[in-house]
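A short worksheet on the structure shown next.
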Amino acid sequence: MNATTRGLLIFGGLIGFLVVCSVITFGVLPSAGSAATLPVIVVPGEPYKEGWPSESFMWTNTFTATLLASIIVLILIAVGWRVSKGWTKEVPGRFQSFLELIGDFIYGQTKNFAGAKPLARNWLFPLAASIFLFLLVANWMKLFPGVETVGVLHCAGHSAPEIGITVTTGNPVLGNQLYVPSPLFTGYPATEEDYHHCEEYKEGKIAKPDKEALKAAAKTLREEEQALIAAMDAQGVTGAERDDQINALRKEATEALWPHAPIGLSADALEQGVVPYLQVITPYVRGATTDLNLTIGLALVAFVAIQVFGVAAQGPNYFQKFINLRALGSLGKKPLGAIDFIVGLLEIISELGKIISLAFRLFGNMFAGGILLAVMSFLISLILPVIFLGLEVIITSIQAFVFAVLTIVFSAQAMEGHHGDEEHHEEHA
């Protein structure tokens, strides 16, 4: 068997595998009521409950993830300190070797860009290593089972401008499993009115029908639906009009049991006791770096550190980089010094741009990665998303590395003089 034939067999096997996955995704899983659907995508961190613990500070799932990532990093360091006997053990074990590998890697980057001067070795390296390890844990955490998938049910359709959350879609819930009536179904639209009716149900103002009432309603709906289908077959009604009439009948039957129900349930769903009020899930834990608040906060920490390193290395002369008073005072001898002064003012914009560069690069990649996993699970929910999980491990690691290295590079640039050596030699001469 030559290479072309083997390649053809492998290619045919891949096509067959994708076909099987598609059949299961679009046929088997929806019929079992357990197919994946597109989630409600919310950019800011989601509070577990509005106004908790206070109106000025609401605890969000991304804040929980940040605390968990911080605790995990502290545990890793504490365990590493213990097994290495205060980093004095000459023959390291596996865990100590893993931590030392990370430390040597970041120290090598620090040495390459900033040198081995005490300021870089004793201060810049610990900062960059801490950022890298924290981001590595925070980014990998969102790939763990249960993160961004298990949480608190909330009524959908409520818009809360004060916390920046607008929920527009949701799904009826069957136990702890999303109810999927058809393949590639992304959820029903939910309005503000739907939200209030759902809240009335959760508060007990709308009573849940008993089993006997559900069975009787389901039996009646089956009979009426069969009669309606027979009548439409006789009249030749097909397509969207046929679906609209069936949905209208189901909506009427559902509202008879559940007042103001936003959707119509099938007879089987009615009998199973599916609650038709639209609800969404707020995950208990969501990826910390998918919240722009954290990425901006880290970017601000890095930005302040860059300025501190610059001042520590150059003293007050560091600010000549932004407001070049020396060039302004030497206009008589060097009229072109005005250009240096203007360039210094532009450096202020460039320096502030580092905050945006650091924050939005990390946030964009992490948030987009979560959406990619959700979409691929929706399109082909079997096996294939595992491939993207593997890619996410690589991407999340790279993003942690990029943030740490950019902090090192920007700090190294701040510690270097800008035209300081030339001016020093001119003054000496």
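Quick note: the coordinates plus some simple rules give every number you see, no bench work behind them. These numbers were taken from a predicted model, which means no experiment stands behind them. Virtual Cβ from ideal backbone geometry, glycine too; neighbours counted across all protein chains shown.
Tabulated values for the structure
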{"item": "Inter-site label distance for Val409 and Thr5 at 7 Å from Cα along Cβ, in nm", "result": "5.1 nm"}
{"item": "Subset of Lys89/Lys354; Lys85/Lys142; Lys202/Lys251; Lys142/Lys251 violating a 28 Å alpha-carbon distance limit", "result": "Lys89/Lys354; Lys85/Lys142; Lys142/Lys251"}
{"item": "Sequence-distant residues sharing a close amide H with Val152 (under 5 Å, placed H)", "result": "Thr282, Tyr284"}
{"item": "Derived scalar couplings ³J(HN,Hα) [segment 305-315; Karplus, 6.51 cos²θ - 1.76 cosθ + 1.60; whole Hz; x for Gly, Pro]", "result": "4, 4, 5, 5, 5, x, 5, 5, 7, 10, x"}
{"item": "Order of Tyr195, Tyr277, Tyr284 - criterion: other Cβ atoms within 10 Å of each residue's Cβ, fewest first", "result": "Tyr284, Tyr195, Tyr277"}
{"item": "Order of Thr66, Thr191 under a 10 Å beta carbon neighbour criterion, fewest first", "result": "Thr191, Thr66"}
{"item": "Under the Karplus curve 6.51 cos²θ - 1.76 cosθ + 1.60, θ = phi - 60°, whole-Hz ³J(HN,Hα) for segment 342-355, x wherever Gly or Pro sits", "result": "5, 4, x, 5, 5, 5, 4, 5, 4, 5, 5, x, 5, 4"}
{"item": "For Thr220, Thr88, order by how many other beta-carbon atoms lie within 10 Å, fewest first", "result": "Thr88, Thr220"}
{"item": "Lysines with Cα under 25 Å of Lys334, excluding same-chain neighbours fewer than 8 positions away", "result": "Lys321"}
{"item": "Table column - 3J(HN,Hα) (Hz), segment 372-377, Karplus curve with 6.51, -1.76, 1.60, x for Gly and Pro", "result": "4, 4, 5, 5, 5, 5"}
